[in-house]
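First up is the structure itself, then whatever we jot down about it.
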Amino acid sequence: MTKAGLLQIEGAGKTYRGGTQALSGIDLEIGRGEFVSLVGPSGCGKSTLLRLMAGLLSPSAGTLSWAGGARPEAGFVFQDATLMPWADVFSNVHLPLKLKGISAEDARARIMAALSRVGLGEAAHAMPRALSGGMRMRVSITRALVMEPTVLFMDEPFAALDELTREKLDDDLLTLWNEQGWTVIFVTHSVYEAVYLSERVLIMNETGRLEADMPIEGGFPRGQAFRDSQLFFEQVKKVSAALRGRSAP
Amino acid sequence: MSFSSSSSARLLGWALPLLVGLLFLGAWEWAVRAQGLPEFILPAPSRIGEALVTNAGSLFLSAWVTLKVTLAAFLLATVSGVGLAVLFSQSRVVETAFFPYAVILQVTPVVAIAPLILIWVGLDNVELALLILAWIVAFFPILSNSVLGLRSVDHNLRDLFRLYGASRWQTLTGLQLPAALPHILSGMKVSGGLALIGAVVAEFVAGSGASTGLAWRIIEAGNRLQIPKMFAALVLLSLLGIAIFFALSLLEYALLRRWHESAVKRES
Ligand SMILES: Nc1ncnc2c1ncn2[C@@H]1O[C@H](COP(=O)(O)OP(=O)(O)OP(=O)(O)O)[C@@H](O)[C@H]1O
Ligand SMILES: [Mg+2]
């Protein structure tokens, strides 16, 4: 791995209060600026691992250590857009800044720039319910990015969208990642999406363990040409096989 | 749905109940006259209107007295109900310790507590007693709705606030209260009506000229067999209730219009 370490996880496990053991024996290192995807069958603990890394859950075993001590500035994107329905697009994006004590006035230029970048400059004062699913997801991503986070956690962010919208948002995300150099941890159940986006794909199995850690070849920036390439298909096949190899009984 | 059909549907929404009401009043008027019913059994609507006009001074003054108690109790219930719910939302221990007592207050019939409250507060302080009783009746729906609302915050949004290191105060004002607003408002709609009922019941129990609200006018008119006046007071009471309901519906619409499902008509 060429990128310097950002997060080191050793022997992490999580057992929920009800007794469900969602994760066990997770050893993992995430490099600064990496794009890592996490795939695995439903219920295998992907969301749990993501929330553990984000500090929204505490591990019941093992340790997480961030380079520099504490978790750096982070953004989180959930499967549904999770916007505040009572606030317009601008205020929703303003939220992380507001919680840090930055007023709407001081943040205006920054928020408008971030919204324009994802094509939502015109929609700044629309209410979430007036937006399409794809637009709502863009707002959610913009909200996660407006703080200029060091690390971005995404939990199946585009799963509810149609194929075309999803590909468009995947491309937007990659472009932004290329420009900004955040670390992205991306949960998905689509092997195609994982291979297309990532430098590395982590595969989890039903027992809540990491099954494989596969580097993905193919330079950036990626686009339609990569989606159509032989290299892409080869790697999708490889990851699928690794995933099936364990999830089929 | 086209513009004309939706606006005619709105018109129908007003016209239909109005028509039913007018037909009913007409039938009533006709029945009373045709049967020659005596006024102290069932006065005709025209006689009730007449009584309303001739007694306007005392009746409207009484309506004002009742309205004052109702509004004060309602405001008190709103402030204390939401306030207590916020307190509960901050501490499970406090909630567990006190919620049962709120329930006890709610299930005890107000008529049964009224004499006690009157004695405690003193008969020279009847308005305060009325206020307390109406508050007891109006308080619980706001409390329980607010508690529910404050709890029903989206889990992911709550996590987001946590991720960004929001303080308790920021989470309360920026997330919990806005999320609870629809629940609080529907609690207020129930409580508005209950505050009026509470005020009237309390007046009935206090009785004997100690209070001068509409309920007392009804008792007084009943004792003197002034049935048209009694009906007139009843009409005023209903109008008060309707006005309160409309005012609160309007408030709800104004506050939720921009975002909440219940207040927005989606084009379809
Ligand atoms: N808050 C919770 N309390 C108790 N058990 C939980 C909780 N959250 C998740 N679990 C359990 O932990 C296991 C892993 O759940 P998790 O949500 O991490 O799976 P996932 O891989 O994200 O699944 P999906 O792909 O369906 O989103 C499941 O068995 C689930 O039932
Ligand atoms: Mg999940």
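The values are calculated or read from the model by the stated rules, or taken from the named source; none is laboratory data. The structure displayed is predicted, hence computed values, not measured ones. Every residue, glycine as well, gets a Cβ built from its backbone with ideal geometry; the counts of neighbours run over all protein chains shown. Accessible surface areas use protein heavy atoms only, side chains included; no ligands, DNA or RNA. Shrake-Rupley method; radii C 1.70, N 1.55, O 1.52, S 1.80 Å.
Quote to one decimal, in nm, the extra length available between B:Phe204 and B:Ser8 on full extension: 0.36 nm per residue of separation minus the C-alpha distance between them.
Gain on stretching B:Phe204 to B:Ser8: 66.2 nm.
Tell me: how much accessible area in total is hidden between B and A, 1.4 Å probe, Å², nearest 100?
The contact between A and B buries close to 2200 Å².
What is the average number of partner chain Cβ atoms found within 10 Å of a Cβ in B:173-184?
2
Given the C-alpha centroids of the range A:151-206 and the range B:131-166, what is the distance between them in whole angstrom?
36 Å
Taking each residue of B:155-162 in turn, how many C-beta atoms of other protein chains fall within 10 Å of its C-beta, and what is the average?
Taking the mean over all residues of the peptide, I get 6.
Could you go through the range B:219-233 in sequence order and give the Karplus-derived ³J(HN,Hα) for each residue, using 6.51 cos²θ - 1.76 cosθ + 1.60 with θ = phi - 60°, rounded to whole Hz, and x for Gly and Pro?
Computed from phi, the couplings for the range B:219-233 are 4, 4, 5, x, 4, 9, 6, 8, 5, x, 5, 4, 4, 4, 5 Hz.
Using 19 Å as the cut-off for backbone N distance, which residues of the range B:66-106 belong to the label zone defined by a point 7 Å from the Cα of B:Ala112 along Cα→Cβ?
B:100-106
Classify the range A:158-224: rounded, prolate or oblate, from the alpha-carbon gyration tensor (a ≥ b ≥ c, eigenvalue square roots; a/c under 1.5 rounded; otherwise prolate if a/b is larger than b/c)?
The shape class here is oblate.
Rounded to the nearest 0.05, what FRET efficiency is calculated for B:Ser46 and B:Ile119 with R0 set to 60 Å and r the Cβ-Cβ distance?
0.85
Antiparallel as a % of all DSSP beta bridges within the protein assembly as shown, to the nearest 5?
Restricted to the protein assembly as shown, the bridges split so that about 50 percent are antiparallel.
What's the carbon and sulfur percent of chain B's accessible surface, probe 1.4 angstrom, rounded to a whole number?
On chain B, the fraction of accessible area on carbon and sulfur atoms equals 71 percent.
With charges only on Cβ, +1 for K and R and -1 for D and E, what is the dipole size of chain B about its Cα centre, in debye, rounded to 20?
520 debye
Starting from the Cα-Cα distance between B:Leu234 and B:Arg168, subtract it from 0.36 nm times their residue separation and give me the gain in nm to one decimal.
Here the segment from B:Leu234 to B:Arg168 would lengthen by 19.0 nm.
Can you compute 3J(HN,Hα) from phi for each residue in the range B:179-187, using the Karplus curve 6.51 cos²θ - 1.76 cosθ + 1.60 with θ = phi - 60°, rounded to whole Hz and x for Gly and Pro?
The phi angles translate into 5, 7, 3, x, 5, 4, 5, 6, x Hz.
From other protein chains only, count the Cβ atoms within 10 Å of every residue's Cβ in A:81-88, then give the mean.
Mean shielding count: 6.
Whole-Hz ³J(HN,Hα) for each residue in the range B:157-163, computed from phi via Karplus 6.51 cos²θ - 1.76 cosθ + 1.60 with θ = phi - 60°, x for glycine and proline: what do you get?
Using θ = phi - 60°, the values come out as 4, 4, 4, 4, 4, 5, 4 Hz.
Taking only protein heavy atoms into account and a 1.4 Å probe, give the accessible area per residue of the protein assembly as shown in Å².
For the protein assembly as shown, the solvent-accessible area averages 49 Å² per residue.
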